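The values are calculated or read from the model by the stated rules, or taken from the named source; none is laboratory data. Keep in mind that this is a model prediction, so the values were computed, not measured. Every residue, glycine as well, gets a Cβ built from its backbone with ideal geometry; the counts of neighbours run over all protein chains shown. All accessible areas refer to the heavy atoms of the entire protein, side chains included, with ligands and DNA or RNA removed. Shrake-Rupley method; radii C 1.70, N 1.55, O 1.52, S 1.80 Å.
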Amino acid sequence: MYLDNAATSFPKPEKVYEAVLHAMREVGASPGRGGYRRSLEASRILFQARETVADFFSIADSSRVIFTQNATGALNLALQGILTAGDHVITTSMEHNSMMRPLYALRNKGVELSVVSAGPDGIVSVDDVRDAVRKNTRMIAVSHVSNVCGAIQPIIRLAELCRSVGALFLVDAAQSAGHLPVDIKNSGIDLLAVPGHKGLLGPGGTGFLYAAPHVPLKPVVQGGTGTNSTSEEQPLVMPDGFEAGTHNLLGIAGLQAGIEFICERGLSTIHQHEQALLIQAEQALRIIPAVTVYGPSDPSHRCSALSFTVCGVDSALLAAELDHSFDIAVRAGLHCAPLAHRTLGTQPGGTVRLSPGWSTTSEEIAFFSDAVVQCIGKIRDSA
Ligand SMILES: Cc1ncc(COP(=O)(O)O)c(C=O)c1O
């Protein structure tokens, strides 16, 4: 049983596998690299996928969608492509290393960094972020949803704050895209970093960055774009100048199919299904003696993932036992977000995290919670 959709979603909808195979077997060529029919068909797939992404996120101009390898690539582009020495950036203690490590690297190059601590439930206070604003604050960068405890950040109010202080707003939608509505037109988000392989149900190796038209983004990778070939400079044309090198067409074709599947099933249907499973899991876990569940107490302030610990039981050992005895895949440890564990009080061992997906059933969650009880007993007996 796979309960690690926060890492990457599995299984994918059938049409995603079909789209990947179609692009691989029937198309084969690279987009924008030739005038022959196969390359033109590859370009059509690429264009159509960009349009599908734009429609799904209410992005007016699909050329502002830059395909990347994953959310990490999108975050690096957003941060390194904008921030320079002397700029100030504010982030939160709930961020993934995909946000923190590029920020630490930029701090070494003279960018000022403030990390605002979230509350013990993982939600950051807009007032605390406001208090951290300086004259040179160029950007506020937050994850929409915590990958550790599922806490949903108040992004609409943070966007208003950004507008009022003239800062750019970067949102890491790694755990919200495909789970919660993200509407660029009405949100005030300037930069949105999204993985294609998690909630959007596309294959690994996919993701994108949306950059609003007023954002002065610079490419961070130089190379062939299939255009302006005589220029020694990397073209700044969107999106080509930001997608140097051969595209992951197979992945992008699959990503488009993943988004189409979500639209057919309905984002709110998927969201309600996943929320019901998280509530079921939380209720079952809370009645197990010695279990602590982390994150917001109100389930409407949480989505995608649930974290827990068992007093006296090592999280990694419990996850390993769930795998070995019951073939249940959950993740244990720090989930690449060490500061979040300082905030939640789960250092140094971290938590066990479960993250159901569109195909997880209520019966599987019941099986999971029974298995947790048995594994705890087994670990305690062998201690
Ligand atoms: C909140 C958050 N940001 C960024 C990432 C990085 O995503 P990717 O693996 O697509 O680079 C993850 C991955 O788990 C995440 O949970």
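Here are the numbers for this structure:
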{"read-out": "Distribution of pairwise C-alpha distances over the chain, 10 Å bins, in %", "value": "5, 23, 31, 24, 13, 3, 0, 0"}
{"read-out": "ARG25/VAL221 FRET efficiency (R0 45 Å; Cβ-Cβ; nearest 0.05)", "value": "0.95"}
{"read-out": "Order of exposure, largest accessible area first, which applies to SER187, SER164 with probe 1.4 Å", "value": "SER164, SER187"}
{"read-out": "Neighbour cut-off at most 14 other Cβ (10 Å), DSSP loop, trypsin sites (Lys or Arg not before Pro), the stretch 114-196", "value": "ARG134, LYS135"}
{"read-out": "Separation of the ASP298 and ASP381 label points, Cα + 7 Å toward Cβ, nm", "value": "4.3"}
{"read-out": "Heavy atoms of ASP55: accessible area, 1.4 Å probe, square angstrom to 10", "value": "120"}
{"read-out": "Within a Gaussian network of the chain (alpha carbon springs, distance under 10 Å), most fluctuating of VAL16, VAL373, VAL171", "value": "VAL373"}
{"read-out": "15 Å beta-carbon shell around GLY122, net charge (K/R +1, D/E -1)", "value": "-3"}
{"read-out": "Length-normalised contact order of the chain in % [C-alpha pairs under 8 Å, at least 6 apart]", "value": "23"}
{"read-out": "Unit charges on C-beta of K, R, D, E only; dipole of the stretch 189-279, Debye", "value": "220"}
{"read-out": "Choice from LEU40, LEU354, LEU334 with maximal GNM fluctuation in the chain (Cα, 10 Å cutoff)", "value": "LEU40"}
{"read-out": "Spin-label pair SER63/SER229, simplified geometry with 7 Å Cα→Cβ offset, distance in nm", "value": "2.1"}
{"read-out": "Choice from PRO181, PRO289, PRO338 with maximal GNM fluctuation in the chain (Cα, 10 Å cutoff)", "value": "PRO289"}
{"read-out": "C-alpha center-to-center spacing [the stretch 97-124, the stretch 291-324] in angstrom", "value": "24"}
{"read-out": "Spatially near lysine pairs across the chain, Cα under 27 Å, sequence gap of 8 or more or different chains", "value": "8"}
{"read-out": "The stretch 22-106, dipole about Cα centre (Lys/Arg Cβ +1, Asp/Glu Cβ -1), debye to the nearest 20", "value": "400"}
{"read-out": "Projected area averaged over orientations for the stretch 267-382, convex hull of C-alpha atoms, nm²", "value": "7.2"}
{"read-out": "When the stretch 1-122 is reduced to its Cα atoms, the Kirkwood hydrodynamic radius in Å", "value": "17.9"}
{"read-out": "Electrostatic dipole magnitude of the stretch 14-264 [Cβ: Lys, Arg +1; Asp, Glu -1; Cα centre; debye, to 20]", "value": "420"}
{"read-out": "Solvent exposure ordering (accessible area, 1.4 Å, most first) of LYS198, LYS218, LYS109", "value": "LYS109, LYS218, LYS198"}
